[in-house]
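Report on one structure; see the data block that follows.
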Amino acid sequence: MTDTIRIVLVDDDPLVRAGLRLILGGAPSLSVVEEASDGQAALEVVARQRPDVVLMDIRMPRLDGLAATAEILARPDAPRVIVLTTFDSDDMVLRALQAGASGFLLKDTPPDQMVAAIVAVDAGETILSPSVVAQVVAVATRAAGDTRGDEARAQLAQLTEREREVAVAIGQGKANADIAAELYMSVATVKAYVTRIFYKLGVDNRVQVAIRVHDAGLAQ
């Protein structure tokens, strides 16, 4: 049981929570330890249960998922947070990821993909779906206008050619394993490149890298 990933579900819809519990309950490596119906309750549950991963809805009463995510991630030994979305709140999803969330999943993600995503996040990965990244990046681009292109290109110019190849692959929503296969590297080497890219660009998650790649016009 020491290897079981302990999960807290946070969503104001009891049917969504029941569905998630059913999906995750079939995976022997996962254990849903408690649920919360809003962000305020999530703060209390996370403090009490000290889970490994939190699945966090965005729009909830009392305290929304964005504020709850920020507060949880500010704590020592914070769990990893995965944002759940139906894409009716793109801007809030983007802000949650910029605050340090480890990725996001659509609520209708197939069960096997959801389980795999949670396992990957617990291992330190950041989960991005290519289709979801494209929509979130589009929101960020619309909000910022066209003025960030030159800045993004200047930032990416700091990268070596290999680092830029990895950054572009991140901008296309590719996971570390896919990047490794495409660029003939080990996954460990890709992780090292990702760490250096984060440092050079002054970011702390893959969505922020993807936004810069898209701003620079390099995602195609």
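The values are calculated or read from the model by the stated rules, or taken from the named source; none is laboratory data. Keep in mind that this is a model prediction, so the values were computed, not measured. Note that each Cβ is placed from the backbone with ideal geometry, even for glycine, and that neighbours are counted across all protein chains shown. Ligands, DNA and RNA are excluded from the accessible area calculation, which covers all protein heavy atoms including side chains. Shrake-Rupley method; radii C 1.70, N 1.55, O 1.52, S 1.80 Å.
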Anchor Lys191: aspartates and glutamates whose Cα lies under 20 Å away (excluding residues fewer than 8 positions away in-chain) | Asp122, Glu125, Glu161, Glu163, Glu165, Asp178, Glu182, Asp204
Can you give the accessible area per residue of the chain, in Å², using a 1.4 Å probe?
-> 47 Å²
Considering the dipole of the stretch 173-216 built from charges on the beta carbon (Lys and Arg +1, Asp and Glu -1) around the Cα centre, which of Tyr193, Ala216, Ala177 is farthest to its positive end?
-> Tyr193
The lysines whose Cα lies under 27 Å from the Cα of Lys107, excluding any fewer than 8 residues away in the same chain, are Lys174
According to a simple spin-label model (label point 7 Å from Cα along Cα-to-Cβ), what is the distance in nm between Thr4 and Leu63?
-> 2.6 nm
Listed highest first by mean packing, meaning other Cβ atoms within 10 Å per residue, what order do 73-83, 3-13 come in?
-> 3-13, 73-83
Per-selection metrics, the chain (Cα): Rg and Dmax in Å = 17.3, 51
Helix 206-215 vs. the chain, principal-axis angle (Cα, 0 to 90°, nearest 10) | 40 degrees
In degrees, nearest ten, helix 111-122 long axis to first principal axis of the chain (Cα) | 70 degrees
Which value, in Å² rounded to 10, gives the accessible area of Lys174 with a 1.4 Å probe and all protein chains present?
-> 60 Å²
Per-pair calculated FRET efficiency, R0 = 35 Å: Ala181 and Asp77 via Cβ, rounded to 0.05 | 0.55
For the chain, averaging the sequence separation of alpha carbon pairs under 8 Å that lie six or more residues apart and dividing by its residue count, the contact order in percent is 15 percent
Potential extension, Ala157-Leu15 segment - 0.36 nm per residue separation minus Cα distance | 46.3 nm
0 to 90° range, to nearest 10: angle between helix 130-144 axis and the chain longest Cα axis = 70 degrees
Student exercise, the chain dipole from Lys, Arg, Asp, Glu Cβ charges, in Debye to nearest 20 | 440 debye
